[in-house]
1. I'd like to know which of T16, V302, Y350 lies farthest towards the positive end of the charge dipole of the chain, counting +1 on Cβ of Lys and Arg and -1 on Cβ of Asp and Glu.
2. Run through every distinct alpha carbon pair of the chain and return the Kirkwood hydrodynamic radius in angstroms, one decimal place.
3. Along the Cα-to-C-beta direction of D299, a point sits 7 Å from the Cα; which residues of region 397-411 have their amide N less than 19 Å from that point?
4. Which of Y278, Y362 has the fewest other C-beta atoms within 10 Å, and how do the rest follow up to the most?
5. Note down the net charge around E273, summing +1 for each Lys or Arg and -1 for each Asp or Glu among other residues with Cβ under 10 Å from its Cβ.
6. If you place +1 on the Cβ of every Lys and Arg and -1 on the Cβ of every Asp and Glu, how big does the dipole about the Cα centre of the chain come out, in debye to the nearest 20?
7. Could you size up the charge dipole of region 213-329 around its Cα centre, putting +1 on the beta carbon of Lys and Arg and -1 on that of Asp and Glu, and report it in debye to the nearest 20?
8. Go ahead and estimate [θ] at 222 nm for the chain from helices alone: -39,500 (n - 2.57) per DSSP H run with n ≥ 4, summed, over the residue count, rounded to 500.
Amino acid sequence: MILNCGLSSPVKAEETLWTSLISGKPDIFLRYRFEYADDNRLSLKEAYASTLRSAVGYRTADFYDTSLYFQIQDVRVVGDDALYNDGSNNYPDRAVIADAESTEIQQYNLRFGGLPKTIVTLGRQQFNHRTGVQQRFLGDVSFRQHQQSFDAARVLSLAVPQTVIDYSYFWNVNRIFGENNPLPDADDFRSNSHALNVQYNAWPTLKLEGYLYLLEFTSSTARHFSTATSGLRLQGDKVIAKDLRLNYAGEFAHQQDYSNNPNAISENYALAEIGANYTVGETLENVGLKYTYERLEGDGDVRAFQTPLGTNHAFQGFADRFLITPGDGIQDHFVTLSGKLSGIQLSAVYHRFLSDRDNYDYGHEWDFLAERTFGPHFLAGIKYAGYYADSNTVNLIRNDNTGQASDLTRFWAYLQFSY
């Protein structure tokens, strides 16, 4: 995967600061979404959230290879706000839908592009490692209405041939629950963390990626997420026949306690994936079938492989039953069928979840998605997730409080505009 850095050309010396300020580019993002949740855990009532995300930003033109960016974000309830728990425990008898009302400065940063094939960004910013469905360790959680951003210094470089180097130091993580959330560490993770991702793209059928995440969270309630994680990923695809392409990936990572973490952690992560894509014709195109195995180890209690800064909604099912890895870890066997029919992107996914420790059943899940774009600016979609818990005794005893022993259904309908 090759990142698009958006590298800037040199600014002419005669350009003035004022010209750069008024000659920039605005951006607008609007998304209305209806979300329904039926969580059988603790006999919670059904939840209904009707929300609108509005984000407006502006990036100045370059002035001596330097530009400024500012973005404000607002999330509003459209209708009755008493029908869901927004993540602050405001209505504890309802299921959680983590889209709280808030108005915040989402991003403000300075970007410098005067170095060869390198961008340096300082300030509050959103960024990802990998694309949306692969942001396992670091992402902006763009699925949620309030998105995750980082107060950070970041260097993104293509200066080494066929290599993408992405390093960041961040001292604060602005989480998806909003600045007004009263729960401990729900609004921010105070941090002293480093993230390094290096991708090597020299081969046409294989891409190599290595990474290192040194996460240190300073508060007493978040320090159990302070970990050092290092890993390696191989990913590629190859044309094996006319209109038929094979794709594959393999990954391994190790995680251990770091800095102020009070727990002794030594857990592994593994992924293996094989699939194929076939182009049928203009009406039905890019049909894909894929099998994936993902394992996050856990040996009981709090000692499990965690990814607190990833876009975790994209993993272990859309129902979000496993946003935090259970103490017994997780094995996820899942099959994905996807395709594009008359311009509508479709996917169906079946998950079977097992624990890593003791190998018992958590349950299974069905996920469905349908999305379509309308021109360059509009997108509409619907999505469904149904998690069905296994009723075995071990699952009921160990996971009743954390939710893996209870059924959960979610549904979304949304319309968005971007410019």
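Read-outs: derived from the displayed coordinates by stated rules, not from any lab. Quantities reported herein were computed from a predicted structural model and do not represent experimental measurements. Here the Cβ positions follow ideal geometry from the backbone for every residue, glycine too, while neighbour counts run over all protein chains shown.
1. Positive-end residue among those listed: T16.
2. Working: mean 1/r = 0.0437 Å⁻¹.
Taking every pair of different Cα atoms in the chain, averaging 1/r and inverting gives 22.9 Å.
3. No residue passes the distance filter.
4. Details: Y278 16, Y362 30.
In order of increasing Cβ crowding within 10 Å: Y278, Y362.
5. Details: positive: K290; negative: E251, E294.
Here the charged neighbours net out to -1.
6. Dipole about the Cα centre, nearest 20: 1120 debye.
7. That gives region 213-329 a dipole magnitude of about 180 debye.
8. Calculated at 222 nm, the ellipticity per residue is -500 deg cm²/dmol.
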